[in-house]
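*Asks:* Have a look at this one before I ask anything.
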Amino acid sequence: MYKKGKYDEALALAKQTLEIVGKIEGENSLSYASTLTNIAAIYGKKSKYDDAITFHQRALPLYEKLMGTDSLNILRPLSELAVSYVAKSDYDKAAPLYQRAVAIKEQASSFNNLLGSELLLQYSCVLRKNKKQAEADSMETRALSITLKESADQLSAIYLPGDCLNLKKVKLPFPRYPNAAKAARLSGAVEVELLVDETGQVISARALNGHSQLQGASLEAAYKAKFEPLVVGGRPVKVRGNLKYTFKADVPYP
């Protein structure tokens, strides 16, 4: 259900699983922690970041207790909690989580793949948002200089959470305000999930939320956006991220 984008059904199933796992294996089991993380991820896909944070905060102490506070196995709940804070533009809370995740990766000497580069790029975005430009530049340079161990067909897209993708924009046109929506004085935000290819062109876009009469214009604008190509270790990679378009009935639009 999750991979098919049926998040409501996936959420209901995951919560049923959580209840069953709690009864069979107990609420202090690794399976219980993993299910909490899965529920948090679904809430993240639904843009319900407060709920995502709640479940990540329940999962993280369990992982720490069961796997150790400096284990590579806690990187997923640690970094995904940070991503949820970034999505809410709460960079002060995201920063120490990324700092800790980077320290764990460094201790394990595992910065040799796309996930390592992704983690450093996400942290550099948070540092930049917190106006720590020198640290952000250093972290980004480090991220882009990693020699990737993956072959070309193994490379997935790097994910830049929140509005981090905006930092890489070359062209970001605002959507037209549909006449019908304007006449009805429709307002609100539309969040669009993008896949950007190795040249910086948008090759896939889908609306995650927002009024249906505003989604079409948002997608049209998203496909016209252009971003800086991302090159890691001399190899161009795809990028995933979100854009948010806000429509206000009382504000004039071009």
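*Asks:* Give me the pairs, please: first residue somewhere in segment 221-245 and basic (K, R) and at pLDDT below 95, second residue anywhere and surrounded by fewer than 16 Cβ atoms within 10 Å (Cβ to Cβ) and part of a helix (DSSP H, G or I), beta-carbon distance under 9 Å, and either six or more positions apart or on two chains.
*Replies:* From segment 221-245, the pairs are R235/A152.
*Asks:* Separate question: Only one residue in S218, S212 is surrounded by 17 or more Cβ atoms within 10 Å (Cβ to Cβ) and within 27 Å of K48 (Cβ to Cβ), so which one is that?
*Replies:* Only one candidate passes the filter, namely S218.
*Asks:* Oh, and also: Restricting segment 43-97 to residues that are acidic (D, E) and in a helix (DSSP H, G or I), which is farthest from the chain's Cα centre (by Cα)?
*Replies:* E64
*Asks:* Still on this structure, I have one more. Exactly one of these conditions fails for G241: (1) surrounded by 17 or more Cβ atoms within 10 Å (Cβ to Cβ); (2) out of contact with any strand residue (DSSP E or B) (no Cβ under 8 Å at 6 or more places or on another chain). Give me its number.
*Replies:* (2)
*Asks:* Give all pairs with beta carbons closer than 7 Å in which a residue from segment 80-104 that is closer than 14 Å to D50 by Cα and polar (S, T, N, Q) meets a residue that is at pLDDT 95 or above and buried (at least 21 other Cβ atoms within 10 Å of the Cβ); count only pairs at least 6 apart in sequence or on separate chains.
*Replies:* So the pair list comes out as S84/A52; S84/I53; S84/H56.
*Asks:* Determine if segment 213-224 includes at least one residue that is at negative phi and touching a helix residue (DSSP H, G or I) at 6+ places or on another chain (Cβ under 6 Å).
*Replies:* yes
Quick grid of which residues meet (1) of a type in the set (A, V, I, L, M, F, W, C); (2) under 25 Å from V192 (Cα atoms); (3) surrounded by fewer than 21 Cβ atoms within 10 Å (Cβ to Cβ); (4) assigned by TED's automatic domain parsing to the domain that holds T35:
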site	(1), (2), (3), (4)
A59	yes, no, no, yes
Y63	no, no, no, yes
V83	yes, yes, no, yes
R100	no, no, yes, yes
E106	no, no, yes, yes
L121	yes, yes, no, no
S124	no, yes, no, no
Q133	no, no, yes, no
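*Asks:* Are there strands (runs of 3 or more DSSP E) fully within segment 163-228 with at least 2 residues that are basic (K, R) and within 22 Å of the chain's Cα centre (by Cα)? List them.
*Replies:* Result: 169-171.
The values are calculated or read from the model by the stated rules, or taken from the named source; none is laboratory data. None of these values were measured; they are calculated from a predicted model. Neighbour counts are summed over all protein chains in view; Cβ atoms, including those assigned to glycine, are modelled from backbone coordinates with ideal geometry.
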